[in-house]
Amino acid sequence: MMDEARLATLRTIFREELNISDQDLVDSTAYNGLEAWDSLTHLKIVARIEEAFTVEMEVDDIIAMENFGKAKEIVSRYLAKG
């Protein structure tokens, strides 16, 4: 599980890149559910996550990050390794 500060950072990345409010960002917020979340935005989100958390995500994880809940799970896994 991710601590509150890291979760806040992850939420900020998603909110800023997707241009949505905090209330609109829920675990089920998904790649195919928002027009703003296209392939380019997905890569921007990944780049910001890697920079913010000093991780290098594997391609399979980048592809699997299909919604915000899954992103939290993946980032938590990387943070637990580190």
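The values are calculated or read from the model by the stated rules, or taken from the named source; none is laboratory data. In this text the structure is predicted, and so the values were computed from the model without any measurement. A quick note on method: Cβ atoms are made from the backbone with ideal geometry, for glycine too, and the neighbour counts reach across all protein chains shown.
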For residue 46, which of the numbered conditions (1) more than 11 Å from the chain's Cα centre (by Cα); (2) at pLDDT 95 or above fails to hold? (1)
Scope the stretch 1-53; condition touching a helix residue (DSSP H, G or I) at 6+ places or on another chain (Cβ under 8 Å), assigned to a helix (DSSP H, G or I) and among the β-branched types (Val, Ile, Thr); matching residues: 9, 13, 41, 45, 46, 49
Taking the stretch 49-69, which residues are in contact (Cβ under 8 Å) with a residue 24 or more places away in the chain and either closer than 18 Å to residue 22 by Cα or acidic (Asp, Glu) (or both)? 49, 66, 67, 68, 69
For the stretch 54-70, which positions are assigned to a helix (DSSP H, G or I) and closer than 16 Å to residue 7 by Cα? 68, 69, 70
Only one of 54, 12 is polar (S, T, N, Q) and either under 10 Å from the mean Cα position of the chain (by Cα) or surrounded by 12 or more Cβ atoms within 10 Å (Cβ to Cβ) (or both), namely 12
Are any of the residues in the stretch 66-76 at pLDDT 95 or above, touching a strand residue (DSSP E or B) at 6+ places or on another chain (Cβ under 9 Å), within 21 Å of residue 25 (Cα to Cα) and crowded, with 17+ Cβ neighbours inside 10 Å? yes
Counting only residues that are under 19 Å from residue 32 (Cβ atoms) and in contact (Cβ under 8 Å) with a residue 24 or more places away in the chain, which one in the stretch 71-82 is nearest to the chain's Cα centre (by Cα)? 71
